[in-house]
1. Of 144, 148, which residue is polar (S, T, N, Q), surrounded by fewer than 17 Cβ atoms within 10 Å (Cβ to Cβ) and out of contact with any His (no Cβ under 9 Å at 6 or more places or on another chain)?
2. Please identify the pairs in which a residue from region 26-49 that is in a loop (DSSP other than H, G, I, E, B) has its Cβ atom under 9 Å from the Cβ atom of a residue that is modelled with pLDDT under 95, counting only partners at least 6 apart or on another chain.
3. For region 167-218, how many residues meet the condition of being closer than 23 Å to residue 31 by Cβ and at pLDDT below 95?
4. If a residue has to be open to solvent by less than 90 Å² (accessible area, probe 1.4 Å) and either assigned to a strand (DSSP E or B) or under 23 Å from residue 135 (Cα atoms) (or both) to count, how many in region 187-203 make the cut?
5. Quick check on region 65-78. Is at least one of its residues open to solvent by 20 Å² or more (accessible area, probe 1.4 Å), away from the ligand (no atom under 15 Å from the Cβ), among the β-branched types (Val, Ile, Thr) and in contact (Cβ under 8 Å) with a residue 12 or more places away in the chain?
6. Go through 114, 160 for me and flag whichever is in a loop (DSSP other than H, G, I, E, B) and touching a Gly at 6+ places or on another chain (Cβ under 7 Å).
7. Identify, by number, the condition in (1) surrounded by fewer than 16 Cβ atoms within 10 Å (Cβ to Cβ); (2) within 15 Å of the ligand (Cβ to nearest atom) that residue 181 doesn't meet.
8. Only one residue in 152, 142 is touching a Phe, Trp or Tyr at 6+ places or on another chain (Cβ under 9 Å), over 19 Å from residue 38 (Cα atoms) and in contact (Cβ under 8 Å) with a residue 24 or more places away in the chain, so which one is that?
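The values are calculated or read from the model by the stated rules, or taken from the named source; none is laboratory data. Keep in mind that what you see is a predicted model, and the values were worked out from it rather than measured. Here Cβ is always computed from backbone atoms with ideal geometry, including for glycine, and neighbour counts include all displayed protein chains. We work out accessible area using only protein heavy atoms, side chains counted, and drop any ligands, DNA or RNA first. Shrake-Rupley method; radii C 1.70, N 1.55, O 1.52, S 1.80 Å.
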Amino acid sequence: MSGNTIAVLASGGGSNLQAIIDEVESGRILCKVAVVISDQVDAGALARAKEHKIPTEVITKADYPVREEYDREVIRVLKGYGVELVVLAGFMRILSPVIIEAFPLKIINIHPSLLPSFPGLDVQEAALKAGVRFSGCTVHFIDTGVDTGPIIIQAVVPVLNNDTVRELSIRILKEEHRIYPEAVRLIVEGRVTVKGQQVMINDSKVDAEVSLTNPPVKG
Ligand code: GAR
């Protein structure tokens, strides 16, 4: 699978969009960000796109209140730009099967938890409440469930004593900025294959001896 023309869909500040733009502009990802789409007229992501001369489109819920009609409009825009890979970066809408079927295994998302733990919203708070010792972030393909599609890459961060939601979110976001461009790069390079729920990454060596504990264990 590959996709050299990508679209980024974002509702918020767009720091993940920025991380991807930076890697594309540095030549480390061989693809073009053809368009940035937002459902929010004042999304910071739109300003970031404009700064980099990337076309923007705003599609609001007010104009398309029915989810399937909204998604059909997104599909129309994506096809118009010849988009092959759709990158959701803080896009706070659930996609309907209409768009998932139009772009099968061609839509990816980033989520600020170690899925399948803590799908949905307010997940950093949920992780703190559950008392997990590690959290992190996940890039996955979109399927018809909420945060359930095949997992491409994950990063792990420790949860510290007395962490606040803000502190944990910042620690996770820093890792998001590392793994999201990497996921895009792997897909664009055609190194990702999907078998059922499992993703295979070609030419990637993982050290099977690496492990982390929290708190640390000596020796
Ligand atoms: C990121 O933390 C991303 O993981 C999260 O929204 C934030 C967007 O930040 N996405 C979700 O929670 C999706 N369920 P950004 O606009 O700075 O990239």
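1. Working: 148 fails: out of contact with any His (no Cβ under 9 Å at 6 or more places or on another chain).
That would be 144, the only listed residue that is polar (S, T, N, Q), surrounded by fewer than 17 Cβ atoms within 10 Å (Cβ to Cβ) and out of contact with any His (no Cβ under 9 Å at 6 or more places or on another chain).
2. Pairs that qualify, where the first residue is in a loop (DSSP other than H, G, I, E, B) and the partner is modelled with pLDDT under 95, are 30/4; 31/2; 31/3; 31/4.
3. Residues in region 167-218 being closer than 23 Å to residue 31 by Cβ and at pLDDT below 95: 2 in total.
4. Of the residues in that region, 6 qualify.
5. Checking region 65-78: at least one residue is open to solvent by 20 Å² or more (accessible area, probe 1.4 Å), away from the ligand (no atom under 15 Å from the Cβ), among the β-branched types (Val, Ile, Thr) and in contact (Cβ under 8 Å) with a residue 12 or more places away in the chain.
6. Working: 160 fails: touching a Gly at 6+ places or on another chain (Cβ under 7 Å).
Residue meeting the stated conditions: 114.
7. For residue 181, the failing item is (1).
8. Numbers: 142 fails: over 19 Å from residue 38 (Cα atoms).
Of the residues listed, the single one that is touching a Phe, Trp or Tyr at 6+ places or on another chain (Cβ under 9 Å), over 19 Å from residue 38 (Cα atoms) and in contact (Cβ under 8 Å) with a residue 24 or more places away in the chain is 152.
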